[in-house]
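The values are calculated or read from the model by the stated rules, or taken from the named source; none is laboratory data. It should be emphasised that the depicted structure is a prediction, and the values quoted were computed from it without experimental measurement. Please note: Cβ atoms are built from the backbone with ideal geometry, for glycine as well, and neighbour counts cover all protein chains shown. With ligands, DNA and RNA removed, areas are computed over all heavy atoms of the protein, side chains included. Shrake-Rupley method; radii C 1.70, N 1.55, O 1.52, S 1.80 Å.
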Amino acid sequence: MAVRPRRAADFSRLWVAQGAGVAAAQVAELALPLLAVLTLNASALELGLLGVARWLPFLLLALPLGVLVDRHRRRPMIVISDWGRAALTVAIIVAAVAGMLTMPALLLLAAAIGCFTVLFEVSYQSIVPSVVPPSGLASANSKLAATAAAIQVGGPGLGGLLVQLITAPLALLVTAGGYVISALSVGGIRAHETLPAERGRFIDELRAGLSFVRRDRYLVANLGFSALYNPFIQWVMVLFLLHAVDELGLDAFQVGLILAIGATGALAGSLLAGPLVRRFGAGRPILLTAIAECVVLLVLPVADASWGAPLLVIVLGLVFAVGDAGATLSSVILITIRQLRTPDHMLGRVNASMRWVSYGTIAFGAAAGGIVGELVGTRLGILIGVLFTFAAVIWVALGPLPRVTDPAELAIPERREPEASPVAAG
């Protein structure tokens, strides 16, 4: 089915915005923790609190913002979130350069950025079906994931190099610039967004989103996978950044290079999602990638400074490459299933409900990782976090996802393409 020119232009703008936003987030993903470690001498517990500050807003705000997004057009929400994140990032830069940044101030600013990130995430995934026809959702999600993965290949390395050359605060200028580009690009989207004809009570609409997810076994399976994997991978990553610097003796650029090598796996996963689903169905790739993601992480606590920096960069980079490939591939499939099973007027609340649990639990993972790392050290703390990730594998294996073949078969009537009318003879 050909995409109408207007839709193609709107998707291109959304695509550019997504790329700019991912680039901004990738630099911040490395620069913020390194700013805390290198400038503020943060401990494992403080890094855990930084993770809590960044992810707790999902737990507090996702559900009410989901109702808000379903009541209004999503495009202005995305624009507001981008401008808000850009302004707050500039505030961090100014405070750090002026020597006025403290750990409490960084935590507060990171939490404020997290609030706007919640609004962005809920709005962003909800606008895709307004820009792309149902038959193009899987392809669009794959393209968006591939773009994110391609940027992630260079993002961490660039972030690490910038931190090494111009310090962490100035590296965040790239983050602020990316959010500005995203805001300007989304501002040009002209796709029509349908608003609900009637509005119920706010609390009733909020409960409706949770109930919709709870009643759909595929959405529950999707949610459980993320809710079990995300907090523990965050636990591992909180401790890994500190472990890499303090115990393995790696510098900012080498840590960025490891994450950049890992991102090549994300790119491969996004490109292989379509062919693998056509060849093996959607279910088996989800299960096998979940297993692979968890197994390779067992290498992290084994790595030792005696291996030398070059070997550490290669081995740890490959570990993250396998993990990122699996995470991206399964994400493309799961997001497509979610969009196909949700009517447009419920997308904001359903995405918010999913984010509330799957991202909200990351705050607990970050806090737990920081506390455990403080008590038993980063190496043993990483091992404990890795072992907990296997709960996600068990969840997937026991649920309905491994038996899914073509995601399109799960589409609700609203998301199905109308059959072409037969051409009259004569």
Exercise. Of all the helices (runs of 4 or more DSSP H) wholly in the stretch 185-292, which have at least 3 residues that are under 23 Å from Arg54 (Cβ atoms), open to solvent by 30 Å² or more (accessible area, probe 1.4 Å) and not aromatic (Phe, Trp, Tyr)?
Worked result: 217-246
Exercise. For Gly114, all conditions in the list (1) open to solvent by less than 40 Å² (accessible area, probe 1.4 Å); (2) not in a helix (DSSP H, G or I) hold save one; what is the number of the exception?
Worked result: (2)
For this session: Please tell me if Gly178 is buried (at least 23 other Cβ atoms within 10 Å of the Cβ) and at pLDDT 80 or above.
Result: yes
Problem set entry | Residues of the stretch 392-413 satisfying the condition of being farther than 13 Å from Arg338 by Cα and loosely packed, with under 15 Cβ neighbours inside 10 Å | Ile394, Ala397, Leu398, Pro400, Arg403, Thr405, Asp406, Pro413
For this session: Restrict the check to the stretch 150-159 and report whether at least one residue is of a type outside the set (D, E, K, R), modelled with pLDDT of 70 or more, in contact with a helix residue (DSSP H, G or I) (Cβ under 7 Å, 6 or more places away or on another chain) and open to solvent by less than 10 Å² (accessible area, probe 1.4 Å).
Result: yes
